[in-house]
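This report refers to the structure that appears directly beneath it.
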Amino acid sequence: MRASDAERERIADILRDAMAEGRLDMEEFEQRLEVAYAARTRGELTPLVRDLPPSGTPLPDVGGAAVTAWSERIGGEPTSKGGFAFWGGFSRRGRWTVGRTFTSFVMWGGGVVDLREARFAEREVTIRCVTIMGGMSVTVPPDVQVRVNGIGLMGGFDERSKDEGEPAPDAPRVTVTGFALMGGVGVERKWSKAERRRRREAEAGAKAEAVGGAPAPRTVDGPGGSREQGGARGPGGGKELR
């Protein structure tokens, strides 16, 4: 099967993420990227990412960590105001403090900005991304309001949500802007592993409490078809279905 331009670009994005995360060194990245853009068939693309995850694998979360309120995550001095990658990559993830403006430049490389565990120096944050034949990924929690208004030329800015969530009233507001030339900037809304686990446990607890509070009626088959048992007795001595 012949490979399309979009398929070649998807493989290139995976390679850029892998390099930014340290899974590939510069030499491996350059070799694979060259093969990816020269590939004519899907069969030539598949081996290039066979040993890589489809997207960057996040660093392990600390199990059992308490959820920090947004009011406690706003304020402080920025620990990073920008990122630069030329034939290389950079990564800002985990516990760090993003300033009012974070400016990044990527050329023939990759950059990762993960705000899910970050502190915010101010409530309004702008992430400026300039990428030339490179890729940037920006990850934010779903309860943060995000606005994306970048410009792409033979490239683009993409926004997607892996997890659902309503913007919290006290959460920061993030604007992602910039310019992408033959490259891409991906903005994804998703929870961290720790938060997803906490929500899953809370949901399971709520379901268990609901089931334990009122036993569900049993359905039995009889001559007249299926009916429910376990309701109160009606005036005629029969069972009221509930």
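The values are calculated or read from the model by the stated rules, or taken from the named source; none is laboratory data. Just so we're clear, the structure is a prediction, and the values are computed from it rather than from any experiment. Using ideal geometry, Cβ is built from the backbone for each residue, glycine included, and neighbour counts are taken over all protein chains shown.
Annotations
- Residue 64 passes every criterion in (1) surrounded by fewer than 16 Cβ atoms within 10 Å (Cβ to Cβ); (2) on the phi < 0 side of the Ramachandran plot; (3) at pLDDT below 85 apart from (2).
- Residue in segment 93-112 that is surrounded by fewer than 20 Cβ atoms within 10 Å (Cβ to Cβ), touching a strand residue (DSSP E or B) at 6+ places or on another chain (Cβ under 7 Å), over 20 Å from residue 183 (Cβ atoms) and without any contact (Cβ under 8 Å) to a residue 24 or more places away in the chain present: yes
- Taking segment 134-170 as the range and being under 18 Å from the mean Cα position of the chain (by Cα) and among the β-branched types (Val, Ile, Thr) as the test, the residues that pass are 138, 139, 140, 144, 146, 148.
- Test: residue in segment 177-185 that is more than 20 Å from residue 12 (Cβ to Cβ) and assigned to a strand (DSSP E or B): yes
- Annotation note: of 138, 144, the sole residue that is surrounded by 13 or more Cβ atoms within 10 Å (Cβ to Cβ) and at pLDDT 95 or above is 138.
- The sole residue among 48, 33 that is at pLDDT 85 or above, surrounded by 11 or more Cβ atoms within 10 Å (Cβ to Cβ) and either of a type in the set (D, E, K, R) or more than 17 Å from the chain's Cα centre (by Cα) (or both) is 48.
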